[in-house]
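Quick notes on the structure that follows.
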């Protein structure tokens with residue numbers, strides 16, 4: 001968690017992380033062959049972990065891009081949780097895979 005600057009702008013950082021979560025898109029949902037994660041910021045390192053319904057990680061990757069395409073070839077039909085770690089914070093979304 002970042003320290004506040006001389007103006008104590010920690011709360012504005014928190015708001016921007018919340019705003020990033022709201023602006024992060026995952027589409028299409030439900031997905032078939034692939035899905036796309038669209039982050040509202042580019043050039044920042046992020047770690048993306050995808051969990052199955054049992055909470056077991058099925059895929060993990062790192063990216064600095066704002067658009068990440070995930071191939072679902074190895075995924076079974078079902079619901080998944082996508083966790084994006086960026087700026088030391090977590091953004092959590094859900095995706096449904098249909099084969």
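The values are calculated or read from the model by the stated rules, or taken from the named source; none is laboratory data. This is a predicted model, so every value here is computed, not measured. Backbone-built Cβ (ideal geometry, glycine too); neighbour counts: all protein chains shown.
Determine whether segment 15-27 contains at least one residue that is modelled with pLDDT of 95 or more, in a loop (DSSP other than H, G, I, E, B) and closer than 26 Å to residue 99 by Cβ. No, that holds for no residue. Considered as a group, the residues in segment 44-68 that are assigned to a strand (DSSP E or B) and farther than 18 Å from residue 29 by Cβ include one that is farthest from the chain's Cα centre (by Cα), and that residue is 57. Kindly indicate which of 30, 2 is surrounded by 11 or more Cβ atoms within 10 Å (Cβ to Cβ) and at pLDDT 95 or above. When all the criteria are applied, what remains is 30. Scanning segment 69-89 for residues that are modelled with pLDDT under 95, out of contact with any helix residue (DSSP H, G or I) (no Cβ under 9 Å at 6 or more places or on another chain) and assigned to a strand (DSSP E or B) turns up just one, 85.
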